[in-house]
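These notes are about the structure you will find just below.
The values are calculated or read from the model by the stated rules, or taken from the named source; none is laboratory data. Small disclaimer: the values here were computed from a predicted structure and weren't measured. Cβ atoms come from the backbone with ideal geometry, glycine included; neighbour counts cover every protein chain shown.
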Protein chains: 2
Amino acid sequence: MAGLEGSIALVSIDLPGREYDIHIGSGLLGDVQSWRGVPAAAMAVVVTNETVGPLYLEQCVRGLAPHFRRIETIALPDGEAFKSWESLQKVIDFLIARGADRKTVLVALGGGVIGDLTGFAAAVYMRGLAFVQVPTTLLAQVDSSVGGKTAINHPSGKNMVGAFHQPVRVISDLSCFETLSAREFSAGLAEVIKYGPIADAQFFEWLDGNIEALMRRDAEALAHAVKRSCEIKADVVAKDERESDLRAILNFGHTFGHAIETGVGYGQWLHGEAVACGMVMAADLSVRLGLMPEQFVTKLRSLIERAGLPVRAPNIGLDRFVELMRLDKKAEAGDIRFVLIEQLGKAVLRSAPEPLVREVIAAHTEA
Amino acid sequence: MAGLEGSIALVSIDLPGREYDIHIGSGLLGDVQSWRGVPAAAMAVVVTNETVGPLYLEQCVRGLAPHFRRIETIALPDGEAFKSWESLQKVIDFLIARGADRKTVLVALGGGVIGDLTGFAAAVYMRGLAFVQVPTTLLAQVDSSVGGKTAINHPSGKNMVGAFHQPVRVISDLSCFETLSAREFSAGLAEVIKYGPIADAQFFEWLDGNIEALMRRDAEALAHAVKRSCEIKADVVAKDERESDLRAILNFGHTFGHAIETGVGYGQWLHGEAVACGMVMAADLSVRLGLMPEQFVTKLRSLIERAGLPVRAPNIGLDRFVELMRLDKKAEAGDIRFVLIEQLGKAVLRSAPEPLVREVIAAHTEA
């Protein structure tokens, strides 16, 4: 990690009545400057997990210290299983026990699970507290830090209970990637790569030319990738805050991907890995529908491979694969709709003939 | 109940991006017209309680029937104790079990507890469902049907967990008062009376001249009282949706009132009863601070008495009374702020010297 120590890229999110900045750079966490302008309050409560806490909590508290009279911390166990009612109640109970009031600021220090859970706690405690998101994974920095989606899981489904609640600040510290495993890092890259085909041909070309720099975690390349990803997502979200068709383009690769994730059993494939493979399939479906030239699949697949991501789905059976896609919550009245690319940088939402879908699945599945 | 069968008063609530109408009249519940224009969906889920359900569910379902393919119902036990995490989870589990999707419409059929709880479930299920509020008590019709506040209680405090979530329609059926006890009805009147001094001198005069008609539950008088109360609250809320100083004027009588409620133990006095007595005290404090003439207290007290409401606080001890006011969540940093009247129809938020406050409490407390 080099070249960007101290320097900052800024993305301004501008939704009506809820503007906030995303600070992107290395070493931001412990820097008091990162926290300047966060609403003044007597108390900040940092919610983190037992993996991230020991690594970054001390820095985080150092950055927060000059801005708050009191800093309280709660660490939940690590993992998707703890994005639950029980964890939410634990955080709420903690806030009450520590006397949190309407001005208390919540800080989410961790990946997507901590961000979603803490954001939801902030959304509902006393009907809404300010919260700062400190995403420590690449995936969280380029995905959940923009859009205001917060949630917990229900035994029957992911993100079944939640709210739209925007943070007052996002601090994306690239230094946190130092402790991110290669596999987690690549999974985050899948979501970065996604933004090219759906919204920005130039970014897609840039990724193609800079994937090796990203893979060696070059700070400058990372700063650009995170910044551009956030900008694109912010642009899509601003046009369609409440998720109808436009926002759905962010799910490029997700319809196939979800089937893979569910088919192999949650936790076997990382979300980003399934999305990566799903993007290859969605790209191929775009080609077979005559929307894109053949070379698009080749180029996207190569990029995904160089990012250390899988391009072939596990063999879970063709019928089962299709059935799982149907069960996906994005499917309406049995008609599976796909995010397809109709032009590099332009996505479209449409259904496709099932035989063609089956061909695509078969073509990209391990024997 | 007579004179208004079928006729409707309409109040339009106009918050940016979230407009909705309040229909006020007799016999609205079973009238399919009342439900026209509610967002189309395959399924409506009615949440009610075990007291209200047997009385009004059938009518409600009759009104809903032409608009939805499926109508599901869940009845919770009656009472504030059920405005809880457990009830929320029960409703969420029910929604999941019945396959509710993002388009499902929730209907809250009941008083404030059902309205707050159902509204909160609607706010968080899949990050937000449309919901229709059908307030069956006078209090709920003039108070919780406007403002978008939803919540559940926590063992440590009321409304600790909640959200701002506006209904898509409010159906205020005056016929529901037929089954409302005299005590509950009077408690609702306390909140109606409140709107006069804080916002509308003319309405205060109207109430003074029509309190007997209201007490015999004259439909025309009721329709006007409910309509004007909603209009005033809507006006205050529109100017200050997120509750800062302006919205606080809606708490006229509440600082003294909360101390009474807590002092005698929750459930002993109804909220409206405590607010009624609290209004007399706040009026007297306004007089003692030289803001209003002596006659104001006399007139307000008389109106409150004619509404069947208490004007003398129970003797819980002067020190304890003051201490309880300090603990009220509206108190900031120990300084108790009161909603006072500085002119009939105009409220102001300010603190007062403690000796004066003690004089007021003593003057309106039972020996």
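Before moving on, here are some points about what is shown:
- Of all residues in the range B:145-167, those being among the basic types (Lys, Arg) and either in contact with a Cys (Cβ under 9 Å, 6 or more places away or on another chain) or under 12 Å from B:Arg18 (Cα atoms) (or both) number 0.
- Residues in the range B:85-98 that are within 20 Å of A:Ser84 (Cα to Cα) and touching a residue at least 12 places away in the same chain (Cβ under 8 Å): B:Trp85, B:Ser87, B:Leu88, B:Lys90, B:Val91, B:Ile92, B:Phe94, B:Leu95.
- Restricting the search to helices (runs of 4 or more DSSP H) fully inside the range A:263-347 and requiring at least 1 residues that are out of contact with any helix residue (DSSP H, G or I) (no Cβ under 7 Å at 6 or more places or on another chain) and modelled with pLDDT under 95 gives A:318-327.
- Residue list for the range A:151-176, restricted to those being touching a Leu at 6+ places or on another chain (Cβ under 6 Å) and not β-branched (Val, Ile, Thr): A:Asp173, A:Leu174
- A:Glu184 passes every criterion in (1) buried (at least 22 other Cβ atoms within 10 Å of the Cβ); (2) under 15 Å from the mean Cα position of the chain (by Cα) apart from (1).
- Selection status of B:Ser87, within 14 Å of chain A (Cβ to nearest Cβ), surrounded by 17 or more Cβ atoms within 10 Å (Cβ to Cβ) and either more than 28 Å from B:Ser181 (Cα to Cα) or not aliphatic (A, V, I, L, M) (or both): yes
- Subset tally (residues that are more than 14 Å from chain B (Cβ to nearest Cβ), in a strand (DSSP E or B) and within 18 Å of A:Ala238 (Cβ to Cβ)) for the range A:145-197: 2
- The range A:127-140, subset within 14 Å of chain B (Cβ to nearest Cβ) and in contact with a helix residue (DSSP H, G or I) (Cβ under 8 Å, 6 or more places away or on another chain), residue farthest from A:Ser175 (Cα to Cα): A:Gly128
- The range A:33-53, residues that are over 16 Å from A:Val168 (Cα atoms) and over 23 Å from the mean Cα position of the chain (by Cα): A:Ala42
- Checklist (1) surrounded by fewer than 16 Cβ atoms within 10 Å (Cβ to Cβ); (2) more than 30 Å from A:Gln202 (Cα to Cα); (3) in contact (Cβ under 8 Å) with a residue 60 or more places away in the chain applied to A:Glu354, failing item: (3)
- Residue check, A:Leu289 within 25 Å of A:Val236 (Cβ to Cβ) and within 22 Å of the chain's Cα centre (by Cα): no
- Of the residues making up the range A:198-252, just one is assigned to a helix (DSSP H, G or I), charged (D, E, K, R), within 14 Å of chain B (Cβ to nearest Cβ) and within 18 Å of the chain's Cα centre (by Cα), namely A:Arg247.
- Of all residues in the range A:64-84 being in contact (Cβ under 8 Å) with a residue 40 or more places away in the chain and in a helix (DSSP H, G or I), the one that is surrounded by the fewest Cβ atoms within 10 Å (Cβ to Cβ): A:Glu80
- The range B:114-126, residues that are out of contact with any Leu (no Cβ under 6 Å at 6 or more places or on another chain) and either without any contact (Cβ under 8 Å) to a residue 12 or more places away in the chain or more than 14 Å from chain A (Cβ to nearest Cβ) (or both): B:Ile114, B:Gly115
- Looking across the range B:189-223, the residues that are surrounded by 21 or more Cβ atoms within 10 Å (Cβ to Cβ) and either among the basic types (Lys, Arg) or in contact with a Ser or Thr (Cβ under 6 Å, 6 or more places away or on another chain) (or both) come down to B:Val192, B:Lys194, B:Tyr195.
- For the range B:38-60, a residue qualifies if it is out of contact with any strand residue (DSSP E or B) (no Cβ under 7 Å at 6 or more places or on another chain) and assigned to a loop (DSSP other than H, G, I, E, B), and the qualifying residues are B:Ala40, B:Thr51.
- Residues of the range A:254-279 that are β-branched (Val, Ile, Thr) and more than 19 Å from the chain's Cα centre (by Cα): A:Val264 alone.
- Members of the range A:333-347 found to be crowded, with 16+ Cβ neighbours inside 10 Å and in contact with a strand residue (DSSP E or B) (Cβ under 8 Å, 6 or more places away or on another chain), listed by number: A:Ile336, A:Arg337, A:Phe338, A:Val339, A:Leu340, A:Ile341, A:Ala347
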